[in-house]
Amino acid sequence: MLRACGLKDDDFKKPLIGVANTWIEIGPCNYHLRELAQHVKEGIRTAGGTPLEFNTVSISDGITMGTDGMRTSLVSREVIADSIELVTRGNLFDALIVLVGCDKTIPGGVMALARLNIPAGNRGVRRGVEFLKRRQEPDGTWYGRWGCNYIYGTWLALSGLAAAGEDLSAERFQRAGSWLRRGQNKDGGWGELPHSYDEPGRKGMGPSTPSQTAWALLALFALGDTASSSVRRGVEYLLRNQRYDGSWKDDFWTGTGFPKVFYLRYHLYATYFPLWALAAYRREESRRGTRDRVSVADLSREPTERVREVRP
């Protein structure tokens, strides 16, 4: 089959290097990647490998904003990661290079690299780990960019470090867990207003929202905390505030356009992330078995005073 695509006998004697390209003609962030891929493939050939380029998807927030197309933006990260992983595993590549260029393709590409046990720029991953360590603040937190703010950044940093194989039992990382537990609101949720971009002293402060509560829970899960009272209270908050149609709603701005300039309400944040957090919790619950079990099913049968309204 590959001979029909132009490969010769000698090409099969060399390592097959996948080149995952998120090039797309829709939007400027990834528009140049096709041209860049030509240089990458030439470098692979010069180094003695056989490059095999393949494409994936890209969604632009700037283009889809204010339309139903915005519903596709956040989930595109998972689709990007899944597609890169599938093509790489399916073709048994010896190594992989990923070309990315925006806030959806970059995390999607990194997620795929973290899942694959092949050479894939491990030096780059290590440099990323060192970057995160340098940027960690004394209280254990990280600044966030696309969500408000330190709750979001701390969750993503911890998740990335865990995927890179870092030992998160180290005191410097557990500090982040302590910060999250201290900042939990009385209702069991977490919240943070955009004011923290202007006044870092207000980090982690704000009325609870479903999306930010989910980020905090996912951060605690990354740290190995899946059964503490903080976790249980956070899960209870999400279940108590789920709406009658199964969705959640953020009553405050939780998305960041440009810090100190403008902020967004990504309407699916409020449902996508709680579902993610509850699914992760349920997996941990099943892994623990009956010992110290805190059942999502049991919690959902408790009186929850759910808001019985249907999203317009």
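Readers should treat all values here as calculations from the given coordinates under stated rules, not as data from a laboratory. Treat the numbers as computed from the prediction; the structure is a model and nothing was measured. FYI the Cβ positions are ideal-geometry reconstructions off the backbone, even for glycines, and counts take in every protein chain you see.
In plain terms, if you count all Cα to Cα distances in the stretch 15-120 and split them into 5 Å steps from zero, the share in each step is 2, 14, 24, 23, 18, 10, 5, 2, 1, 0 percent.
Taking 0.36 nm per residue of separation and subtracting the Cα-Cα distance, what length does fully extending D9 through D82 add? Length gained between D9 and D82: 23.2 nm. Among the cysteines of the chain, those whose beta-carbon sits 4.7 Å or more from every other cysteine beta-carbon are C5, C148. A crude spin-label estimate for the pair R265 and E171, with each label 7 Å from Cα along the Cβ direction, gives 4.4 nm. Sequence-distant contacts, meaning Cα pairs under 8 Å at least 6 residues apart, place the relative contact order of the stretch 15-120 at 36 percent. The mean sequence distance of close C-alpha pairs (under 8 Å, at least 6 residues apart), as a share of the length of the stretch 15-54, puts its relative contact order at 58 percent. With each label modelled as a point 7 angstrom along the Cα→C-beta vector, the K133-S286 pair spans 3.5 nm.
Considering only W23, A47, L158, and ranking their Cα positions along the charge dipole of the chain that arises from unit charges at the beta-carbon of Lys, Arg, Asp and Glu, the one farthest toward the positive end is L158. If you wrap the tightest convex hull around every Cα atom of the chain and split its volume per residue, you get 162 Å³. By other beta-carbon atoms within 10 Å, ranking Y143, Y150, Y266 with the fewest at the front produces Y143, Y266, Y150.
What number of lysine-lysine pairs in the chain show an alpha-carbon separation below 21 angstrom, given a sequence spacing of 8 or more or placement on distinct chains?
7
Per-residue ellipticity at 222 nm from helix content only, as computed over the chain with -39500 (n - 2.57) for each DSSP H run of at least four residues, stands at -14000 deg cm²/dmol.
Residue ranges 104-110, 228-234, 66-72 sort as 104-110, 228-234, 66-72 when ordered by packing (mean number of other C-beta atoms within 10 Å per residue, highest first). Looking only at the chain, where both bridge partners belong to it, what percent of the DSSP beta bridges are antiparallel (to the nearest 5)? Here the antiparallel bridges make up roughly 30 percent for the chain. When you count the other C-beta atoms within 10 angstrom of each residue and take the mean per peptide, 198-211, 169-182 line up highest first as 198-211, 169-182.
The GluC sites (Glu not before Pro) found in the stretch 6-88 that occupy coil by DSSP, while having at most 15 further C-beta atoms within 10 Å, are E25.
In debye, nearest 20, what is the charge dipole magnitude of the chain about its Cα centre with +1 on Lys and Arg Cβ and -1 on Asp and Glu Cβ, if you could check?
Approximately 460 debye in magnitude.
With only the Cα atoms considered, the stretch 74-170 has a convex hull volume of 101 Å³ per residue. In percent, rounded to a whole number, the relative contact order of the chain is 13, using alpha-carbon pairs under 8 Å and six or more apart. Taken about its Cα centre, the stretch 128-312 carries a charge dipole of about 160 debye when Lys and Arg each add +1 at the Cβ and Asp and Glu each add -1 at the Cβ.
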